[in-house]
Structure formats: structure tokens, C-alpha cells
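Step one of this worksheet: look at the structure below.
The values are calculated or read from the model by the stated rules, or taken from the named source; none is laboratory data. It should be emphasised that the depicted structure is a prediction, and the values quoted were computed from it without experimental measurement. All Cβ positions, even for glycine, are placed from backbone atoms using ideal geometry, and neighbour counts span all protein chains on display. We work out accessible area using only protein heavy atoms, side chains counted, and drop any ligands, DNA or RNA first. Shrake-Rupley method; radii C 1.70, N 1.55, O 1.52, S 1.80 Å.
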Amino acid sequence: MAVAAGTAKLDARAIRADFPIFEQQIHGKPLAFLDSAASSQKPQQMLDAMTEFYSTSYANVHRGVYLLAERATAGLEAAREKVRAVLNAPDVREVIFVRNATEAINLVAYSWGMSNLGPGDVVVVSELEHHSNFVPWQYVAGRTGASVQMIPLTEEGELDLSALDAIAARGIVKVVATNHVSNSIGTINPVAKLAAWAHEQGAIYVCDAAQSAPHVPLDVQALDADFVAISAHKMCGPSGVGALWGRASLLQGMEPFLTGGHMINSVSLEKTTWGELPHKFEAGTAPMAEAVGFGAAIDYLQAVGFEAIEAHEHGLASYALGRLGELDWITLYGPPAERRAGIVSFNVEGIHPHDVAQILDMNGVAVRAGHHCCQPLMRKLGVAATNRASFYLYTVPEEIDQLVDGLHAVRKVFA
Ligand SMILES: Cc1ncc(COP(=O)(O)O)c(C=O)c1O
């Protein structure tokens, strides 16, 4: 493995060699993959772990008493323990495998929200939320009669916490749900402060960590969250699996989200009783191979070190903001480099973000264009869409140079 365990600096060039996707060229150019916030690329170690599982240990889990089923179950449960460890969760039964962060948040919004929200209650989100941490709350609030309030943003794209008291005066705050890192403009939110404020109100704090778990050390106990949602595909793992961590005391009191096989204790015509945690929330066949891949991805990231990943991306964000800031035809969005993760959103004067992204693609540069599932934020910024470049542990500064060269090419096309 091309990593530098325990050291402050990572070697992105060596790490890149672990990712087969970078062996190809795109339109005859080296691939500058600047879309890791949407989904990350995959190291060979993770791909090998899934292939090995399918080749040697595949069977359905939990229900079998034969060797292959036992191996598969051991693989799934070992992955659960890796997720517990990477989040520093107190108890492995609190880790629930889901399809992705969106499903994790829906699970909480439905299972907790439908039983605990009502007229006069307030769900607090922020203007920075991904739709995945806004629409489920809006929907459940609509069904229960609760209201949804948004923490507004400052001009620099950071949460304006001075608005919290006014929000609390609008009803009984029952839920505070925010992301840790904005997928759109890279803002790092003061999540421990928000959790503390939520608890002062007697509310639960739900952390959408989809965009932070891949990049920074996370500790659900230090954060004092009640629920945390993550997706494997943004963490060098496969698509199709994510995790919800929740406090056992809350999960135990909640109704199930999905019902069916595996999540039951006993079933009869008259009555069905639910299984223990985590199975109560894992109806149907588990994402077994995906969980094994998730575990291998966590191993990979931990071997590199989350502090090193965070520092590396921080350096890239500073570099990108510096280089793009030299171009007076680029508008940059979001906070200064020292208060943001490896995500840079921008617009090119007079050129639609989709056109920009398409021409960049011809130059081998993959960036995202659109509203990034953040329409309330786009409204606040006064734009319909932006371009977004996002970085990860395998990103090298030359890819940012390729982006800047590509942007000059975009300007020429539209000159
Ligand atoms: C901050 C944030 N929350 C939630 C999600 C949803 O993740 P998923 O699509 O894996 O459910 C994303 C995905 O981009 C995100 O960036």
C-alpha cells in the first residue's frame, strides 16, 4: 500500500498508483478527477477485498449454519466493527447498514420523527443542507404538523449562529439536523456547538457526515451527536452501502423503518415482534459484499491517516482558491481556505456551468455542474448552478493546474 501511516503528510502520487481508474486517459488527456465529493474513486485493495469475498466466502448471512454462510456473516460483522471503530461509536449494535446517507437520514426522519414530532414542534436544518438532509425532514414535518426552520448563512457562506435564539422562539425545538461539511461550498460547520445547543433545547442532533467522514477524523462521542449518517461510496468504498450510527437508547425506542425478513423476533398472524439492534433496522438481505468493501476502504483510509488526508485536502483547497482567485472572470463561493474542506465552487463569467463542465471534460477534467442537490443554497447565492471542483487523498496539484488551463480553453471557445 502506497501510504505513509502515522505521518503528517501523505504521498498523493504514490496513493494514486493504487487507483486503477487513473491508468486511462480521457479524450487523450490525463484524467484530472475533481469530483470526489459526488463519489470517490476506488483503490485496488478495496476491489480485491470484494472479489475475494465473492470468490471464497459468498453466501447469505446470519441464516446459514454451513461454513460459507459463517464466513460471509463473519465478513459482514467484521465490517460493522470497522465502521464502529472509525466513528468511535461505543457499541457495535448501534451501527446499522443502509444503502447510503440518504437512507440513513430517512430512517431517522421516519422512525424517530413520525413518533416524536407534532404541531408546535420545530425541526432545525441549515441553508447549507444537501436535499438528503432537508427533504426527509420537510416531508415528515409536513406529515406531523411540525415546522422546519433554517439556520441562515452569513455572506461568507457560514452558519449564522446568532439566529438560533430567534429560531428557538418559534416553537419547541425537537431536532437539529445539519451537515458537518457542505458538499456545495466546503464550509466546515461547528457541529459540536450545534449538538450542544440541540441538547440544551431538549432536541436530538442528527449529523449528516456524508461529506466529512471521508476526509476528517470523526468521533461521535466527542461530537455528542445522536445520529450520524455516512455513505461508503464517498470513502473509497463501493456504492450501495452506507451506515447510520445512532444512540442505542434512541434506536431501541424507535419503530422499524422497513419491515420483512431478518428484522423480526417472532411472527404470527396476531403479532410480530422486532429483533434486537442492529437487525431491527436491517430488513432483507444485507449488502454483504458491499459492507466487506466498505470495511476494506476504511482500512485503507486509516492506514493513510485521516489527519494526513485532511491536511492534504486543505492544502489543495488553498492552492485552488489561490489559482482561481487570480482570474477576474471567475466568481468563487464559500468561506476562506482555512475554514473550508477540499471543495471549491465557482462560476465562469457569462458561461453556463454545464458548458464549462463539458468543455473541461474535453480537456480531461471532471468537475460537477449544477445545483449540487442544494437548491435553497443556490437561491441564497443568487445563482441557478455552479461548477464544483472537489479533492481527495489521490488529488495532485497538477490536476488543479489542468483545471485552470481548461478554464482558459473554455473562455477561448466562448470569446
Ligand atoms: C452533504 C451530503 N449529504 C448527503 C448526501 C447524500 O449521499 P448519498 O447520495 O450517498 O445518499 C451527499 C451526497 O452528495 C452529501 O454531499
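As a summary of the residue check, Gly157 satisfies the conditions (1) open to solvent by 40 Å² or more (accessible area, probe 1.4 Å); (2) part of a loop (DSSP other than H, G, I, E, B); (3) not polar (S, T, N, Q) except for the one numbered (1). Report, by residue number, each residue of segment 235-271 that is open to solvent by less than 50 Å² (accessible area, probe 1.4 Å), touching a Ser or Thr at 6+ places or on another chain (Cβ under 7 Å) and outside any loop (DSSP other than H, G, I, E, B). Matches in segment 235-271: Gly242 only.
When Ala72, Ala141 are checked against the criterion of being small (Gly, Ala, Ser), open to solvent by less than 10 Å² (accessible area, probe 1.4 Å) and in contact with a strand residue (DSSP E or B) (Cβ under 9 Å, 6 or more places away or on another chain), a single residue qualifies: Ala141.
Selection within segment 96-127: residues that are within 16 Å of the ligand (Cβ to nearest atom), of a type in the set (A, V, I, L, M) and in a helix (DSSP H, G or I). The member of this set that is nearest to the chain's Cα centre (by Cα) is Ala101.
Take the residues in segment 37-60 that are more than 16 Å from the ligand (Cβ to nearest atom) and aliphatic (A, V, I, L, M); name whichever of them is nearest to Leu393 (Cα to Cα).
The initial filter retains those residues of segment 37-60 that are more than 16 Å from the ligand (Cβ to nearest atom), namely 43-60.
Now drop any that are not aliphatic (A, V, I, L, M), which leaves 46-47, 49-50, 59.
Details: Met46: 15, Leu47: 17, Ala49: 20, Met50: 21, Ala59: 34 Å.
Among those residues, the one meeting the criterion is Met46.
Which condition does Val135 not pass, out of (1) open to solvent by 40 Å² or more (accessible area, probe 1.4 Å); (2) of a type in the set (A, V, I, L, M, F, W, C); (3) touching a helix residue (DSSP H, G or I) at 6+ places or on another chain (Cβ under 7 Å); (4) within 16 Å of the ligand (Cβ to nearest atom), if it passes all the others? Result: Val135 passes all but (3). Condition (residue is among the hydrophobic types (A, V, I, L, M, F, W, C), surrounded by fewer than 24 Cβ atoms within 10 Å (Cβ to Cβ) and either within 26 Å of Tyr110 (Cβ to Cβ) or away from the ligand (no atom under 13 Å from the Cβ) (or both)) applied to segment 171-182: is it met by at least one residue? Yes. The set of residues from segment 314-332 being touching a residue at least 60 places away in the same chain (Cβ under 8 Å) and either surrounded by 16 or more Cβ atoms within 10 Å (Cβ to Cβ) or in contact with a helix residue (DSSP H, G or I) (Cβ under 6 Å, 6 or more places away or on another chain) (or both) comprises Leu316, Ala317, Tyr319, Ala320, Arg323, Leu324, Leu327, Ile330. Restricting Arg80, Arg63, Arg93, Arg84 to those that are surrounded by fewer than 17 Cβ atoms within 10 Å (Cβ to Cβ), away from the ligand (no atom under 16 Å from the Cβ) and among the basic types (Lys, Arg) reduces the list to Arg63.
In segment 183-207, which residues are of a type outside the set (A, V, I, L, M), farther than 13 Å from Val123 by Cβ and within 16 Å of the ligand (Cβ to nearest atom)?
Of the residues in segment 183-207, the ones of a type outside the set (A, V, I, L, M) are 183-184, 186-187, 189-190, 193, 197, 199-202, 205, 207.
Imposing the further condition that a residue be farther than 13 Å from Val123 by Cβ reduces the set to 183-184, 186-187, 189-190, 193, 197, 199-200, 202, 207.
Of everything in segment 183-207, those that are of a type outside the set (A, V, I, L, M), farther than 13 Å from Val123 by Cβ and within 16 Å of the ligand (Cβ to nearest atom) turn out to be Asn183, Ser184, Gly186, Thr187, Asn189, Pro190, Cys207.
Of the residues Val267, Val206, the single one that is under 18 Å from the mean Cα position of the chain (by Cα), of a type in the set (A, V, I, L, M) and more than 24 Å from Arg388 (Cβ to Cβ) is Val206.
Of the set (1) in contact with a Lys or Arg (Cβ under 8 Å, 6 or more places away or on another chain); (2) surrounded by fewer than 16 Cβ atoms within 10 Å (Cβ to Cβ); (3) under 29 Å from His408 (Cβ atoms), all apply to Ala311 but (3). Take Val98 and tell me if it is at pLDDT 95 or above and either open to solvent by 10 Å² or more (accessible area, probe 1.4 Å) or more than 21 Å from Pro287 (Cα to Cα) (or both). No.
Please identify the pairs in which a residue from segment 371-387 that is under 18 Å from Asp35 (Cβ atoms) has its Cβ atom under 6 Å from the Cβ atom of a residue that is β-branched (Val, Ile, Thr), counting only partners at least 6 apart or on another chain. Listed pairs, sorted by first residue: Asn387/Val356; Asn387/Val367.
Is it the case that Ser162 is in a helix (DSSP H, G or I) and within 15 Å of the ligand (Cβ to nearest atom)?
On the way: in a helix (DSSP H, G or I): yes; within 15 Å of the ligand (Cβ to nearest atom): no.
Considered against the rule, which asks whether it is in a helix (DSSP H, G or I) and within 15 Å of the ligand (Cβ to nearest atom), Ser162 comes out as no.
Across segment 375-386, the qualifying residues are those that are out of contact with any helix residue (DSSP H, G or I) (no Cβ under 7 Å at 6 or more places or on another chain) and part of a loop (DSSP other than H, G, I, E, B), and the one among them that is farthest from the ligand (Cβ to nearest atom) is Gly382.
Somewhere in segment 35-54, is a residue open to solvent by less than 70 Å² (accessible area, probe 1.4 Å) and farther than 28 Å from Ala366 by Cβ? I'd like the intermediate steps shown before the answer.
Filtering segment 35-54 for residues open to solvent by less than 70 Å² (accessible area, probe 1.4 Å) gives 35-43, 45-47, 49-50, 53.
The next check asks that each one be farther than 28 Å from Ala366 by Cβ; those that pass are 53.
Checked segment 35-54: at least one residue is open to solvent by less than 70 Å² (accessible area, probe 1.4 Å) and farther than 28 Å from Ala366 by Cβ.
Just so you know, in segment 212-234 the residues that are surrounded by fewer than 24 Cβ atoms within 10 Å (Cβ to Cβ) and among the hydrophobic types (A, V, I, L, M, F, W, C) include one that is farthest from the ligand (Cβ to nearest atom), and it is Ala222. Restricting segment 253-275 to residues that are farther than 20 Å from Glu77 by Cα and among the polar types (S, T, N, Q) leaves a set whose member that is farthest from the ligand (Cβ to nearest atom) is Ser268.
When you check Phe33 against the structure, is it within 16 Å of the ligand (Cβ to nearest atom) and of a type outside the set (Ser, Thr, Tyr), yes or no? Break it down into steps so the answer makes sense when it comes.
Details: within 16 Å of the ligand (Cβ to nearest atom): yes; of a type outside the set (Ser, Thr, Tyr): yes.
Criteria met by Phe33.
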